[in-house]
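The structure appears right after this line, and notes come after that.
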Amino acid sequence: MKKALFFLILLLIFSCSGNKLTEQNYPKTVTIRISGSETISYRGSIGNSTSATDVDGTITESSFAQYSRKLEDENDEIFAHFFKEQEAGTLTVQIGLLLMDNSLDIKKEGSTSASFGSLYLNWKP
């Protein structure tokens, strides 16, 4: 009887702690990475369900720009809306989670090579 009670208590403890771990996944930091071929000038906005920030810059072929936004809870989502400010080249936008080795676990990705092209991405886990 004592063993059964002991295992019941252990089961209860593990099931309760599992729920708390799930709740602690937020806020999550999400990374928006901008890259491109040749020298690409861009402008756009990034945000979540409650706020947005305008950004602009120039990317060279060997570099990228990186921005972070927070997912506040499971109902939140991240968006990225960007415009190429030139005719030639390709603009690529990735939304993902930054890993320990600084690589990106890509959740959404898009590119445009259209003259003065634009793209819009959104991601909700």
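The values are calculated or read from the model by the stated rules, or taken from the named source; none is laboratory data. If you're wondering where the values come from, they're calculated on a predicted model, not measured in any experiment. Neighbour counts run over all protein chains shown; Cβ positions are idealised from the backbone, glycine included.
Out of the range 93-104, which residues are modelled with pLDDT of 95 or more and over 9 Å from the mean Cα position of the chain (by Cα)?
V93
Is there any pair with a first residue in the range 99-124 that is farther than 17 Å from F79 by Cβ and a second that is among the β-branched types (V, I, T) and assigned to a loop (DSSP other than H, G, I, E, B) whose Cβ atoms are under 9 Å apart and which are 6 or more apart or on different chains, and what are they?
Within 9 Å, the pairs are S113/T90; G117/T90.
Residues checked against (1) farther than 21 Å from N25 by Cα; (2) of a type in the set (D, E); (3) surrounded by 12 or more Cβ atoms within 10 Å (Cβ to Cβ):
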position	(1), (2), (3)
D56	yes, yes, yes
T60	yes, no, yes
I78	no, no, yes
V93	yes, no, yes
S111	yes, no, yes
S115	yes, no, no
L119	yes, no, yes
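Could you tell me whether K107 is at pLDDT 95 or above and either surrounded by 14 or more Cβ atoms within 10 Å (Cβ to Cβ) or among the basic types (K, R) (or both)?
yes
Could you list, in sequence order, all residues of the range 16-44 that are modelled with pLDDT under 90 and in a loop (DSSP other than H, G, I, E, B)?
Within the range 16-44, Q24, N25, Y26, S37, E38, T39 meet the criteria.
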